[in-house]
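Heads up, the thing below is written out as structure tokens.
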Amino acid sequence: MPGSQKQELVFRRILIGFSVVAGIAFLSQASAALWTKHGITEVEAIIAAQATALSRGSGLYYNLNEYPFTVSPYGPLLYGLEGIAARLGLSPMLAGRVISLAALAVIIALVYRLLALYCDSRYAPGAGTLLAASTANLVTWGSVGQSDMLALMFSVAALERYCSYQVRGGRTALAASGVFVAAAIFTKQTFLAAGATICVLYLLENPKRAMRYIVGLGCAGIAVVAALNWATSGGYWSNAVLANLNPFSLAKLGNHLEYFGFTASALCLLAAAG
């Protein structure tokens, strides 16, 4: 057997072995999440309670100065999906975890599609996908019923659709990227990175078309915000925007940087090397 074929065989076996380990770890995490009856995080239980109230016709965004004195700080998409599950007789908390796990599976598939757009190697997309699937931080958040993983799924889908437009063309892919950017923001408002990245890349490539894309996306977003705010008598703006305006704190910034260093420093080195 030639040396190159032998190296390829060894690499293939290593990749398969790591894939099996990552798959077992993912299934173990998913099984634990689906088996656990109580809240894994505090926010998870709050979202489930608010989704249950929504399913019973009590609304979602309340006046912050009146009963029940609760804040619904995220966009309506996850609440709505969990509310539908509650109407069907399912546990909203369990439904939230199933949604997050499904979103994580979609993210892993989208990572493969993204890498396949740019990589000619038959193993590079698989290796990159394995890296994403074995990222502990991603798998951890993918097993709790919060809005983060669903919003991240929409963000990665937006990037995948935009990259598909860049490589293969097609206005449908470009329009879909805008829809997914909006969906990410209306799931959790802080998921702006994908939309900002797409806008910057598009501006660098074709400023005139990019401005039409940005203005169209912005106008559509403002229209949806206005509609939600009108339908909730101002509740959406006060809950999802004003209640989320946290003061800047050096101590909290330090905590975030420390957490980022532990969870993402290796990925940043790999990205820089690339």
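Points worth noting:
Results for (1) closer than 18 Å to L114 by Cβ; (2) out of contact with any helix residue (DSSP H, G or I) (no Cβ under 8 Å at 6 or more places or on another chain); (3) among the basic types (K, R), shown as yes or no for each residue.
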position	(1), (2), (3)
V144	no, no, no
C163	yes, no, no
V167	yes, no, no
A175	no, yes, no
L192	no, no, no
I198	yes, no, no
M211	no, no, no
C219	no, yes, no
I222	no, yes, no
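- Remark: L81 falls outside the filter, which requires a residue to be closer than 21 Å to G235 by Cα, at pLDDT 85 or above, aliphatic (A, V, I, L, M) and in contact with a Gly (Cβ under 6 Å, 6 or more places away or on another chain).
Residue-wise test of (1) over 24 Å from the mean Cα position of the chain (by Cα); (2) β-branched (V, I, T); (3) at pLDDT 95 or above.
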position: I198; (1), (2), (3): no, yes, yes
position: I214; (1), (2), (3): no, yes, yes
position: W230; (1), (2), (3): yes, no, no
position: S233; (1), (2), (3): yes, no, no
position: W237; (1), (2), (3): no, no, no
position: A240; (1), (2), (3): no, no, no
position: A243; (1), (2), (3): no, no, no
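- Entry remark, the range 223-274: residues being within 24 Å of G128 (Cβ to Cβ) and part of a helix (DSSP H, G or I) number 15 in total.
- Any chance A132 is under 27 Å from G178 (Cβ atoms) and open to solvent by 40 Å² or more (accessible area, probe 1.4 Å): no
- A single entry from S233, S238 fulfils the requirement of being surrounded by 11 or more Cβ atoms within 10 Å (Cβ to Cβ), polar (S, T, N, Q) and at positive phi: S233.
- Looking only at residues in the range 61-80 that are in contact (Cβ under 8 Å) with a residue 60 or more places away in the chain and hydrophobic (A, V, I, L, M, F, W, C), the one that is surrounded by the fewest Cβ atoms within 10 Å (Cβ to Cβ) is L64.
- Applying the set (1) open to solvent by less than 60 Å² (accessible area, probe 1.4 Å); (2) touching a residue at least 40 places away in the same chain (Cβ under 8 Å); (3) closer than 21 Å to A182 by Cα; (4) part of a helix (DSSP H, G or I) to A48 leaves exactly one unmet item: (3).
- Candidates F18, F26, filtered to the one that is surrounded by 14 or more Cβ atoms within 10 Å (Cβ to Cβ), over 20 Å from A102 (Cβ atoms), out of contact with any strand residue (DSSP E or B) (no Cβ under 8 Å at 6 or more places or on another chain) and in contact (Cβ under 8 Å) with a residue 60 or more places away in the chain: F18
- Yes/no for A175 being of a type in the set (G, A, S) and open to solvent by less than 30 Å² (accessible area, probe 1.4 Å): no
The values are calculated or read from the model by the stated rules, or taken from the named source; none is laboratory data. These numbers come from a predicted model, not from an experiment. FYI the Cβ positions are ideal-geometry reconstructions off the backbone, even for glycines, and counts take in every protein chain you see. Ligands, DNA and RNA are stripped out before the accessible areas are found, and what is left, the full protein with its side chains, is counted by its heavy atoms. Shrake-Rupley method; radii C 1.70, N 1.55, O 1.52, S 1.80 Å.
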